Amino acid sequence: MNRTSSQAGSCTQIPTSKGVCEDNGGVWWGPGYTDASVVGNGGAGYAQCWEVNRAITAAGAAPGPLAVLPERTLAIRDEHYKLVRNTTVNHDSATGGSREDVSTEFYAIDQAPGTPLLEDPAANDLLRGPLTPAQQNAYTALTAKLDELLASEPDCPGDGNKDGVVDAQDLSNWRRIAQGWGLSSVYDFLFDGRTDAADEQVIQQHMGMACPKRHGVY
């Protein structure tokens, strides 16, 4: 994360280690944190950005909560427009837990040599204003196509090797990765940058489950 005494800054879970975070100019709030700005919790650190904001809010730490960067971003485009769908896990102050917020962005784009028209959330997100009929048609079509693509491979919690079933092989793979690596992997089902006992629970809870059928989209 980046943060100053006057700017709340932003938080991302992409760096999976203290070294990577600090090499990129960030402040590590994970296990083994050392920066004085971290709201201390006995050295355990925080696994997710929403937990960081919960700690900042509880402590009343200035200058307030961070902007959490999206955990997942999906995009689809045609010749003239691009649709972006972001999923962000934020701190829910009402419950003290987390919540998933989904936001959509929509841009006019082209491939003009030298000066292509690109997406800029702060400047040219078309959803900030009313859409023209042509833009609305494109938005509707791209939304439907993205939903169709996502439906073609249904979620199957616990099936890390993507063989269509949650079984002993997944448990064996998880154990090897958790013991030999322990960080982000295909068995990090909670997307918290760790392959650990919490991910084993996902496998155990779905053991023996056959995954929904996948299908191609053309």
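The values are calculated or read from the model by the stated rules, or taken from the named source; none is laboratory data. As the structure is a computational prediction, the values presented were derived from the model and not from experiment. As a convention, Cβ positions derive from the backbone with ideal geometry for all residues, glycine included, and neighbour counts pool all protein chains shown. Ligands, DNA and RNA are excluded from the accessible area calculation, which covers all protein heavy atoms including side chains. Shrake-Rupley method; radii C 1.70, N 1.55, O 1.52, S 1.80 Å.
Look at the stretch 44-72 and say how many of its residues are touching a Pro at 6+ places or on another chain (Cβ under 7 Å), assigned to a loop (DSSP other than H, G, I, E, B) and open to solvent by 30 Å² or more (accessible area, probe 1.4 Å). Residues in the stretch 44-72 being touching a Pro at 6+ places or on another chain (Cβ under 7 Å), assigned to a loop (DSSP other than H, G, I, E, B) and open to solvent by 30 Å² or more (accessible area, probe 1.4 Å): 1 in total. Of all residue pairs spaced 6 or more apart or on separate chains, those with beta-carbon atoms under 7 Å, a first member in the stretch 40-69 that is under 17 Å from Thr12 (Cβ atoms) and a second member that is aromatic (Phe, Trp, Tyr) and surrounded by 21 or more Cβ atoms within 10 Å (Cβ to Cβ) are Gly45/Trp29; Tyr46/Trp29; Val52/Trp29; Val52/Tyr46; Ala55/Tyr46; Val68/Trp50. Among the residues of the stretch 188-205, which ones are polar (S, T, N, Q) and open to solvent by 40 Å² or more (accessible area, probe 1.4 Å)? Gln201, Gln204, Gln205 - these are the residues of the stretch 188-205 that are polar (S, T, N, Q) and open to solvent by 40 Å² or more (accessible area, probe 1.4 Å). Of all residues in the stretch 111-126, which are among the acidic types (Asp, Glu) and in contact with an Asp or Glu (Cβ under 8 Å, 6 or more places away or on another chain)? Hits for the stretch 111-126 are Glu119, Asp125.
Of the candidates Ala75, Ala47, Ala67, Ala62, the single residue that is aliphatic (A, V, I, L, M) and modelled with pLDDT of 95 or more is Ala75. In the condition set (1) over 17 Å from the mean Cα position of the chain (by Cα); (2) farther than 19 Å from Asp196 by Cβ, Pro31 is compliant with all but (2). Only one entry in Leu127, Leu83, Leu131 is farther than 22 Å from Cys11 by Cβ and part of a loop (DSSP other than H, G, I, E, B), namely Leu131.
Looking at this structure, is Ala168 among the aliphatic types (A, V, I, L, M) and within 25 Å of Tyr187 (Cα to Cα)? In short, yes.
Of the candidates Leu127, Leu83, Leu146, the single residue that is farther than 27 Å from Glu51 by Cβ, over 21 Å from the mean Cα position of the chain (by Cα) and surrounded by 14 or more Cβ atoms within 10 Å (Cβ to Cβ) is Leu127. State whether the residues of the stretch 170-184 include one that is part of a loop (DSSP other than H, G, I, E, B), modelled with pLDDT under 95 and surrounded by 15 or more Cβ atoms within 10 Å (Cβ to Cβ). Taking every residue of the stretch 170-184 in turn, at least one turns out to be part of a loop (DSSP other than H, G, I, E, B), modelled with pLDDT under 95 and surrounded by 15 or more Cβ atoms within 10 Å (Cβ to Cβ).
Results for (1) over 22 Å from Ala94 (Cβ atoms); (2) of a type outside the set (A, V, I, L, M), shown as yes or no for each residue.
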residue: Ala8; (1), (2): no, no
residue: Gly25; (1), (2): yes, yes
residue: Val38; (1), (2): yes, no
residue: Tyr46; (1), (2): no, yes
residue: Arg72; (1), (2): yes, yes
residue: Ala75; (1), (2): yes, no
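Restricting attention to the stretch 96-124, the residues that are of a type in the set (Ser, Thr, Tyr) and either open to solvent by 80 Å² or more (accessible area, probe 1.4 Å) or not in a strand (DSSP E or B) (or both) total 1.
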